[in-house]
């Protein structure tokens, strides 16, 4: 009997080592290395060497770039925000990975989508590895979906799942909640380890591609907010969705970080209620509904999330610090971006903030990633520092460079239309964009070429020179 070789695999990054150690040398994680069975030979070396009696392979076929290509067919889920993030609906034969913190609403959203799809007459299978069927039924009853014709199961054995799915006509949608609970008898490792995750996900994706079913895998996230397991799982699927929310907020943001059949960075906004997740058709109006009008330290940013313009309030608080090293706290924005903006304000504009605590918050629990928020963040900081409120009818967007220049950003027309729709009258925009007519989409444009021009609008704090 051949001796089974062993390997030590990091469960955080997938690195393989010859011996166990307390800290992974690749990613730096502690206590993440687990002993697993290793294959007896390298498949890559065997494939390259070939040998007597082995197939020499077949010739690959090629096509030209001018060949006609049909768009991928879509299966609408009946949830508009989910369809928007997916790029128009589910693609038959595709694999979707959904990640999010526990209790954020992943199972609720997928159960609602499964129920709506089954209502259109297509077969849907929902396999739960973490909850009993009674628990899923309780959720369905709370969501008033108990009459939906969804095939519900609790199987976690990979061979049993594939045999069951192949015993009848392929369903249109297969939901696996969650992929960390699956296990295969052919893999000598515990459920949730990298070997099991990679093997089970690969087998299910292969079955979905062959049968034409859409496969949706639910994945846990780590303390850093990343889907647990190596990135190889995200590379294997066609679409990766993250469900995000800040603690204490009822809003949920579904974000696409990878999509082979649609745009990335698209978002869908939901509101968690007792009866389930409710779609938010106009997120801008919702994020600005509790806006602090007339209060110093606030500014409205006209941003873009994927193809959707979103207006959100940025709040700032600048206060004298009693500490030797003033505090810098950020919620919903990049802390490095704030540090850069504070340095530009001090070095290029003469705004002395080195002795002040600075707090910045994006209202509503949204996380901003685009550099266009620089101008709005600067306006909020200057408003709080000087004690002068920013105008209620003005939105801001523009990227600030290290020289203090305000650079142009994309999708200006969409930002302005969204601002006009919500009742804003003016927009502070980069000067390059301001070379257009002073009136655009019914808004008065306020061009800003240098950050010190924005500083001049707010003036100096009471008792200080400008």
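The values are calculated or read from the model by the stated rules, or taken from the named source; none is laboratory data. Not measured: the values here are computed from a predicted model. All Cβ positions, glycine included, derive from the backbone under ideal geometry; neighbour counts span all protein chains shown.
Points to keep in mind about this one:
- Residues satisfying the stated conditions in the stretch 44-66, i.e. closer than 30 Å to residue 17 by Cα and either modelled with pLDDT of 85 or more or within 35 Å of the chain's Cα centre (by Cα) (or both): 44
- Looking across the stretch 87-97 at every residue that is out of contact with any helix residue (DSSP H, G or I) (no Cβ under 6 Å at 6 or more places or on another chain) and in a loop (DSSP other than H, G, I, E, B), the one that is surrounded by the fewest Cβ atoms within 10 Å (Cβ to Cβ) is identified as 88.
- Residues located in the stretch 258-268, provided they are at pLDDT 90 or above and touching a strand residue (DSSP E or B) at 6+ places or on another chain (Cβ under 6 Å): 258, 259, 268
- Only one of 367, 291, 337 that is within 24 Å of residue 264 (Cβ to Cβ) and modelled with pLDDT under 90: 367
- Considered as a group, the residues in the stretch 67-86 that are in a loop (DSSP other than H, G, I, E, B) and touching a residue at least 24 places away in the same chain (Cβ under 8 Å) include one that is nearest to the chain's Cα centre (by Cα), and that residue is 79.
- Each residue in the stretch 17-33 was checked for being touching a residue at least 12 places away in the same chain (Cβ under 8 Å) and closer than 19 Å to residue 232 by Cα, and 7 of them qualify.
- Of note, residue 151 satisfies the criterion of being surrounded by 14 or more Cβ atoms within 10 Å (Cβ to Cβ), more than 23 Å from residue 100 (Cβ to Cβ) and assigned by TED's automatic domain parsing to the domain that holds residue 217.
- Of everything listed in (1) in contact (Cβ under 8 Å) with a residue 24 or more places away in the chain; (2) in a helix (DSSP H, G or I); (3) outside the structural domain of residue 93 (by TED's automatic domain parsing), the single unmet condition for residue 333 is (2).
- Residue satisfying condition, being outside any helix (DSSP H, G or I), at pLDDT 95 or above and assigned by TED's automatic domain parsing to the domain that holds residue 243, within set 122, 174: 174
- Counted as qualifying within the stretch 246-324 are the strands (runs of 3 or more DSSP E) with 1 or more residues that are in the same structural domain as residue 234 (by TED's automatic domain parsing) and surrounded by fewer than 13 Cβ atoms within 10 Å (Cβ to Cβ), namely 267-273.
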